[in-house]
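Here's the structure, in C-alpha cells; my notes come after.
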Amino acid sequence: MSDPGPPPLEQRVAWKTVRDEAERLREVHLRDLFVSDPLRAEEMTAEGGGLLLDYSKARVDGPTLDALFELADESEIWGRRDQMFAGDRINVSEDRSVLHVALRMPKERSLIVDGQDVVAEVHRVLDRMSAFSDRIRSGDWTGHTGKRIRNVVNIGIGGSDLGPVMAYEALRHYADPNLRFGFVSNIDGTDFAETTKGMDPEETLFIISSKTFTTLETMTNARTAREWSLRGLGGDEAAVAKHFVAVSTNAEGVAEFGIDTENMFGFWDWVGGRYSMDSAIGLSTMIAIGPRAFAEMLGGFHQMDEHFLSAPALENLPALHGLLAIWHSLLCRSQTVAVLPYDQYLHRFPAYLQQLTMESNGKHVRLDGSPVGVETGMIFWGEPGTNGQHSFYQLLHQGTQIVPCDFIGFTNSLNPLGEHHQILFANLLAQSAAMAFGRTTEEVRQAGSPEEQVPHRVMEGNRPSLTILADRLTPESLGSLIALYEHSVFCQGTVWGIDSFDQWGVELGKVMAVEISPLLAAEGDPGRDSSTNSLIARYRERNDA
Ligand code: G6Q
C-alpha cells in the first residue's frame, strides 16, 4: 500500500473554498439562478458519448463550478484517471490494477500490463464468447439429448448477477425471442425453484458466473443446478459438458466442479465484480442480443471512456456528474441520490447502480488507512418514472430532506404506442421543473386554493436534479450510460481519497454466517451474543426440517 493519495480532503485548499461556496449558495434559489442568467440551460449542458447532461437544475453557478474543478485538480482526478487507464495498481488495498476500461478497447489497441497485452487477451475471450453465443443462438449447440437450447440461466451473485440481469432487462427489446433467460442469485432456494419452474432440463444451459468460483451462494446454486439437470437427463455425468459453462478467473475451481475448461470463459483479477458486466460475465447478455449488438454496447462504453479522457473539465460528463454529487451532498446535507429512469426497460438500473456506487464508495478510511473525516458514499436508490411519481415523489417534492435526483430519459421510444412516449417524456420534464421551481404561496392562492390548504399546496422548490438524455435506449447508449456512472464513482472516490475498488466491508458478515449455519442444526449453548442466541433458539424450536 504505497500510494497515500492526495492530502486529506479537510486539508485541501479547494475544499475550504467549496465549503465557503456552500455557505454562499445555501439560501440561493434555483428560480433566481435561472432569472439572473437567461442562458443558464445552454451554458450548463454538456454532451459526450452520445449522452446529454443538463445540469442547469443543479444548485451551482460559475464560481461554484470553478471551486469544484479546483477541487478536482487538487484531488488529482486527472492524474489518477490516467493511472487507471495505464493499468497502475490504483486498487491499493488489494494491490491490483483497475482496468475495466480495457474490456472495451478496440481490437487494434494494445495495453501492456505486467508484460501482457491485456487488449489482445480481452479480444481472445470476446471471440470465443462470440463463437459460443452464435452456436447457441443458431441452434448449432444442442443439449445432451440433441435438443436445441431454449433456456439460459445465469447463476451468480453481486457483480456476477446485477450487471447481467440489468443488461438483459435493459436490452430485451434486442434479445432473441426464442430464448428464455433466467437469473439465479439468492441462496434462498426459492430463487432457483421459481426461476427454473417450467424449464426443461434437456433445453436448459446454465452459465456459472463467479470470478472466484468459491462464492457460497453461487456454488450452492450451481450444485443444485447440476442435480436438477442430471435428474432430468437420466443421471449421465457427460451431460454436464453440454449444459454447463463457466465464467471465472479460477480454472482449477471450474475443473473441480466438473465443467470442461474448454467451456470456460475467463477474465482477470483487474476486473472488479461490479465493473465486470462487459467482461465474460456478460455472456448471457451476448447470447441474448448477439455478438454484434454486444460489440455496440462495448463501443458505447468506450466512447464514454474516450470522452472522460479527453473532454475539457467543464464539458466532462463523468467529472461533472461526480463533482455535483459530492456538491449536493454537502450543500443540501443529502445522504441519498434518487435515480429515476423514465424507461421501463431500465427498471433494474437503480439496483445495479446501488452496488456500483455504494460498494465502491461506502468507505470509512482513506487510501492510507486513516479515517476519511468526511461523509462518503451517498445512498443510491430509485424506480422508473412514472411509477415512482405515484409513490415516493411526495417526499421528493415536499419532504423535509432534500434528495438530489438523476432523471434519465430517451427522446425516442422503442415501443411507440400512440401518445405514450410524449406523455412519459412530458412527465420527466414536469417533475424536474416542479422540483426546481416549486410553487409559491402567491401562485397557490392565485390558483384559487382554499386558504386552509395553501400551506399544504406550497412547494418550496430548489430541489436539485440532473437530466441525462440519449436519443434511444440501445446497446450503445446503455454502455455509455454505465461508463458515465463508473467514472463518476471514480471521480467521487478520488476526491474523498478512498479506494473505490475494494469491498472489505462485506467480509465479516459472510464469515459469521458460515459460523452460525451449523449452530442452527446443533444443540446446546450456541455461545454467541444473547440476541443471536435467542434467535437461534427460536429457529431450532420452530424450524420443521
Ligand atoms: C463486486 C463484489 C461482489 C462479487 C460477488 C460475487 O465488486 O466483489 O459483489 O461480485 O461477491 O463474487 P464472485 O464472482 O467471485 O462469485
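The values are calculated or read from the model by the stated rules, or taken from the named source; none is laboratory data. On a predicted model such as this, the values are computed, not experimentally measured, just so you know. Positions of Cβ are backbone-derived with ideal geometry, glycine not excepted, and every protein chain shown enters the neighbour counts. Keep in mind that these areas ignore ligands, DNA and RNA; they rest on the heavy atoms of the full protein, side chains included. Shrake-Rupley method; radii C 1.70, N 1.55, O 1.52, S 1.80 Å.
Taking the criterion of being part of a loop (DSSP other than H, G, I, E, B) and within 23 Å of the chain's Cα centre (by Cα), the only residue of the range 63-87 that qualifies is GLY87.
Residues in the range 390-417 that are free of Cβ contacts under 8 Å to residues at least 60 places away in the same chain and assigned to a loop (DSSP other than H, G, I, E, B): 7 in all.
When PHE501 is tested against (1) out of contact with any His (no Cβ under 9 Å at 6 or more places or on another chain); (2) surrounded by fewer than 17 Cβ atoms within 10 Å (Cβ to Cβ), exactly one condition is not met: (2). Annotation note: Cβ proximity below 9 Å between a residue of the range 148-174 that is more than 17 Å from LEU481 (Cα to Cα) and of a type in the set (D, E, K, R) and a residue that is assigned to a loop (DSSP other than H, G, I, E, B) and within 16 Å of the ligand (Cβ to nearest atom) (sequence gap 6+ or interchain) occurs for ASP161/SER185. On inspection, ASP525 does not qualify as in contact with a Ser or Thr (Cβ under 6 Å, 6 or more places away or on another chain) and of a type in the set (Asp, Glu).
Are any residues in the range 235-276 within 19 Å of ARG180 (Cα to Cα) and either part of a strand (DSSP E or B) or within 13 Å of the ligand (Cβ to nearest atom) (or both), and if so, which ones?
As a first pass, look at the range 235-276 and keep what is within 19 Å of ARG180 (Cα to Cα): 242-246.
Once the filter is applied, which keeps residues that are within 19 Å of ARG180 (Cα to Cα) and either part of a strand (DSSP E or B) or within 13 Å of the ligand (Cβ to nearest atom) (or both), the range 235-276 yields PHE244, VAL245, ALA246.
Within the range 367-389, does at least one residue satisfy the condition of being away from the ligand (no atom under 16 Å from the Cβ), part of a helix (DSSP H, G or I) and open to solvent by less than 20 Å² (accessible area, probe 1.4 Å)? Give the derivation first.
Of the range 367-389, the ones away from the ligand (no atom under 16 Å from the Cβ) are 367-376, 378-379, 381-389.
The next check asks that each one be part of a helix (DSSP H, G or I); those that pass are 387-389.
Those left that are additionally open to solvent by less than 20 Å² (accessible area, probe 1.4 Å): 388.
Scanning the range 367-389 turns up at least one residue that is away from the ligand (no atom under 16 Å from the Cβ), part of a helix (DSSP H, G or I) and open to solvent by less than 20 Å² (accessible area, probe 1.4 Å).
Which of the numbered conditions does LEU519 fail, given that it passes all the others? Conditions: (1) among the hydrophobic types (A, V, I, L, M, F, W, C); (2) within 26 Å of the chain's Cα centre (by Cα); (3) surrounded by 15 or more Cβ atoms within 10 Å (Cβ to Cβ). Only one criterion is unmet by LEU519, namely (2). Helices (runs of 4 or more DSSP H) fully within the range 1-61 that include at least 3 residues being of a type in the set (A, V, I, L, M) and surrounded by 14 or more Cβ atoms within 10 Å (Cβ to Cβ): 13-25.
Take VAL514 and tell me if it is open to solvent by less than 10 Å² (accessible area, probe 1.4 Å), part of a helix (DSSP H, G or I) and within 16 Å of the ligand (Cβ to nearest atom). If you could, list the steps in order and put the result at the bottom.
Values: open to solvent by less than 10 Å² (accessible area, probe 1.4 Å): no; part of a helix (DSSP H, G or I): yes; within 16 Å of the ligand (Cβ to nearest atom): yes.
Judged against the criteria, VAL514 is not a match.
From the list LEU283, LEU298, LEU330, LEU233, the lone residue that is at pLDDT 95 or above, in contact with a helix residue (DSSP H, G or I) (Cβ under 6 Å, 6 or more places away or on another chain) and open to solvent by 20 Å² or more (accessible area, probe 1.4 Å) is LEU330.
Considering the range 179-194 alone, what residues qualify as being β-branched (Val, Ile, Thr) and buried (at least 22 other Cβ atoms within 10 Å of the Cβ)? Even if it seems obvious, please write down each step before you answer.
Initial filter on the range 179-194 (β-branched (Val, Ile, Thr)): 184, 187, 190.
Once the filter is applied, which keeps residues that are β-branched (Val, Ile, Thr) and buried (at least 22 other Cβ atoms within 10 Å of the Cβ), the range 179-194 yields only VAL184.
Please determine whether any residue of the range 165-177 is farther than 29 Å from MET358 by Cβ, of a type in the set (Ser, Thr, Tyr) and open to solvent by less than 50 Å² (accessible area, probe 1.4 Å). The answer is no, given that none of the residues of the range 165-177 is farther than 29 Å from MET358 by Cβ, of a type in the set (Ser, Thr, Tyr) and open to solvent by less than 50 Å² (accessible area, probe 1.4 Å).
Within the range 340-357, does at least one residue satisfy the condition of being among the acidic types (Asp, Glu) and assigned to a loop (DSSP other than H, G, I, E, B)? Even if it seems obvious, please write down each step before you answer.
Within the range 340-357, the first condition is being among the acidic types (Asp, Glu), and the residues that meet it are 343.
Subsequent filtering for residues that are assigned to a loop (DSSP other than H, G, I, E, B) retains 343.
Among the residues of the range 340-357, at least one is among the acidic types (Asp, Glu) and assigned to a loop (DSSP other than H, G, I, E, B), which makes the answer yes.
Residues that are under 26 Å from PHE349 (Cα atoms) and out of contact with any helix residue (DSSP H, G or I) (no Cβ under 6 Å at 6 or more places or on another chain) are absent from the range 141-150. Whether any residue in the range 452-475 is assigned to a helix (DSSP H, G or I), open to solvent by less than 10 Å² (accessible area, probe 1.4 Å), touching a Leu at 6+ places or on another chain (Cβ under 7 Å) and in contact (Cβ under 8 Å) with a residue 24 or more places away in the chain is what I want to check. Yes: the range 452-475 contains one or more residues that are assigned to a helix (DSSP H, G or I), open to solvent by less than 10 Å² (accessible area, probe 1.4 Å), touching a Leu at 6+ places or on another chain (Cβ under 7 Å) and in contact (Cβ under 8 Å) with a residue 24 or more places away in the chain. Contact map, the range 113-137: residues that are among the small types (Gly, Ala, Ser) paired with residues that are loosely packed, with under 15 Cβ neighbours inside 10 Å, Cβ distance under 7 Å, separation 6+ or inter-chain. Pairs shown: ALA120/SER110.
Would it be correct to say that PHE301 is in contact (Cβ under 8 Å) with a residue 12 or more places away in the chain and under 23 Å from the mean Cα position of the chain (by Cα)? Write out each step before concluding.
Numbers: in contact (Cβ under 8 Å) with a residue 12 or more places away in the chain: yes; under 23 Å from the mean Cα position of the chain (by Cα): yes.
Here the answer is yes, as PHE301 does meet what is asked.
The residues listed here are SER488, SER432, SER449; of these, the one that is more than 30 Å from the chain's Cα centre (by Cα) and either surrounded by 13 or more Cβ atoms within 10 Å (Cβ to Cβ) or assigned to a loop (DSSP other than H, G, I, E, B) (or both) is SER449. Scanning the range 355-366 for residues that are within 16 Å of the ligand (Cβ to nearest atom) and free of Cβ contacts under 8 Å to residues at least 60 places away in the same chain yields a total of 1.
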